[in-house]
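Report on one structure; see the data block that follows.
The values are calculated or read from the model by the stated rules, or taken from the named source; none is laboratory data. Owing to the predicted nature of the structure, the values given are computational and were not obtained by experimental measurement. Positions of Cβ are backbone-derived with ideal geometry, glycine not excepted, and every protein chain shown enters the neighbour counts.
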Amino acid sequence: MTLSQTAIVVLAAGLGTRMKSRRPKVMHPLAGRPMIAHLIGTLRELDPNRIVVVIGPDMPDVAAAVAPWPVAVQQDRLGTGHAVLAAGDRLRDFAGDVLVVYGDTPLLTSATLRRMLEARHSPPYPAVVVLGFEPTEPGGYGRLIVGAGNSLEAIIEAKDASAEQLSIRLCNSGVMAIAGDRLFGLLDRLSNDNAKGEYYLTDIVSLARRDGLPCGFVIGDEQELIGINSRSELASAESFVQNGLRRRAMEGGATLTAPETVFFSWDTRLGRDVTVGPHVVFGPGVEVADDVDIRAFCHIEGATVAAGAQVGPFARLRPGARIGPAAHVGNFVEIKNASIEDGAKVNHLTYIGDARIGAKANIGAGTITCNYDGFFKAHTDIGAGAFIGSNSALVAPVTIGDGAIIGAGSAIARDVPADALVLTRGQHTVKAGWASAFRRRQRAAAAGADHEAVLTGEQDRQCERAVEPFERCLHYSSMA
Ligand code: UD1
Ligand code: MG
């Protein structure tokens, strides 16, 4: 069926006091993005004509998270009906279907909302369609009072319900589809004469029935309708979302060795024949191409990994990491804002930040790009096929030409031409037999023996002459 014109009101002005948080409840993240953004993403699948988000007076973050959709500010939180009235300026002229959803119910699907709109446009053409569900614990939910022929007669809030009404299992999820040309005529007649002293949106059902308008309901799935009011409910919702994302990854052709230990963000994209080992966390903004092997214990965020690359175990890819085709990033390697081009290898204990590593370059263990001077970041450029010896410090800004070789243990602060060898090691001095002569002398001195008596041969005497200055060094270094 083709949908008629649709406007959606999202209620998000509540304080979420049970979260015990400084941030508005709907800004708490699920799979790496605020729950309100999840909901807006779902609502957009319906291609609505309008979305209006009702927020409280001090919620600029929520306004930013839902932009470009507009917000309406509900100055005083006088109830869910009052909240929809706050969106009146943007909706009173709207004659299509109005959907009302709650910002703290982020797992709702567009398929369910479509079923509600379909019900609105099927006999008996109800003016109000409510999404009902049968929770395991009906507790504080509003109860649906259903009459003959499945006609919805009223919604009774738990606090206003009789014992008999409380035994009804069919509850109000909070989602409603309403005929736009009827909505404000009903809302304008709400009263707050009830247990909470609030203007309940739910009362529009009995008002519509009094006007002789039909009202109906559809039934939804409990897990999809879970409302998030506390940190525990947030954790349950996260686990539900993660299971869905794991399933999606596997259905898309990725192998997850231990799916329950892999955590995705809402936007993680994996290609086919990607293997993800145990205990891998994907932050937002990650795209992984086909045939990539991500080994155990990696943390990856804001990064792209091209086909055939190998990452980990124990690798960290930070925002701006671009791992090229068939490149290798190994254990205890951190990459930030850097591209590792085709087939390059950065395999052990290395930090690469603000850099380009050319194709097939080899970065030795313990290499560090020194990209930050405490004030500014600087770039390191390593040419194709270059070889950086282990434990080198590359002091940016610096360029290493194609094919150059940097000797192990170098500190490179000047550009290196292509194909050159650079060695920056200190002098290598060998004093044969020095160590044993030194030990003998020290042992004797410690025992209070005559110094000269300890020296037995010419070799020892030679060593003795050398001991003095070296000993000083040794002494200083042990004091450092
Ligand atoms: C509401 C329903 C109840 C339903 C339950 C489902 C009413 C009167 N009751 O109760 O039938 O079973 O949801 O979860 O609607 N909000 C505002 N402004 C306000 C008050 C609330 O924007 O002045 C927003 C909240 O941010 C929240 C939503 O409306 O997103 C629901 O409000 P809440 O107070 O949680 O309603 P419940 O008591 O749970
Ligand atoms: Mg609630």
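Give the number of residues within segment 338-372 that are buried (at least 24 other Cβ atoms within 10 Å of the Cβ) and in a loop (DSSP other than H, G, I, E, B).
The total comes to 3.
With segment 71-186 as the region, which strands (runs of 3 or more DSSP E) entirely inside it contain at least 3 residues that are under 27 Å from Val53 (Cα atoms) and within 10 Å of ligand 1 (Cβ to nearest atom)?
97-102, 128-133, 171-179
Residue check, Gln74 against (1) polar (S, T, N, Q); (2) under 18 Å from Val26 (Cα atoms); (3) away from ligand 2 (no atom under 16 Å from the Cβ), all met but one. Which one?
Every listed condition holds for Gln74 apart from (3).
I want to confirm something. Restricting to segment 219-255 and keeping residues that are outside any helix (DSSP H, G or I), buried (at least 18 other Cβ atoms within 10 Å of the Cβ) and at pLDDT 95 or above, which single residue is farthest from ligand 2 (Cβ to nearest atom)?
Ala254
Return yes when Ser232 is hydroxyl-bearing (Ser, Thr, Tyr) and assigned by TED's automatic domain parsing to the domain that holds Pro124 and no when it is not.
no
From the set of residues in segment 1-47 that are within 14 Å of ligand 2 (Cβ to nearest atom) and over 30 Å from Val286 (Cβ atoms), which is surrounded by the most Cβ atoms within 10 Å (Cβ to Cβ)?
Ala13
Please work out if Gly81 is without any contact (Cβ under 8 Å) to a residue 24 or more places away in the chain, within 35 Å of the chain's Cα centre (by Cα) and under 28 Å from Gln223 (Cβ atoms).
When the stated conditions are applied, Gly81 does not pass them.
Please list, ordered by first then second residue, the pairs with beta carbon atoms under 6 Å, 6 or more apart or interchain, first in segment 150-165 and assigned by TED's automatic domain parsing to the domain that holds Thr80, second of a type in the set (Phe, Trp, Tyr) and at pLDDT 95 or above.
Short answer, once both residue conditions are applied: Leu152/Phe217.
Give segment 195-207 a look and list any residue that's more than 16 Å from ligand 2 (Cβ to nearest atom), in contact (Cβ under 8 Å) with a residue 24 or more places away in the chain and not small (Gly, Ala, Ser), or say none.
Asp203, Ile204, Val205
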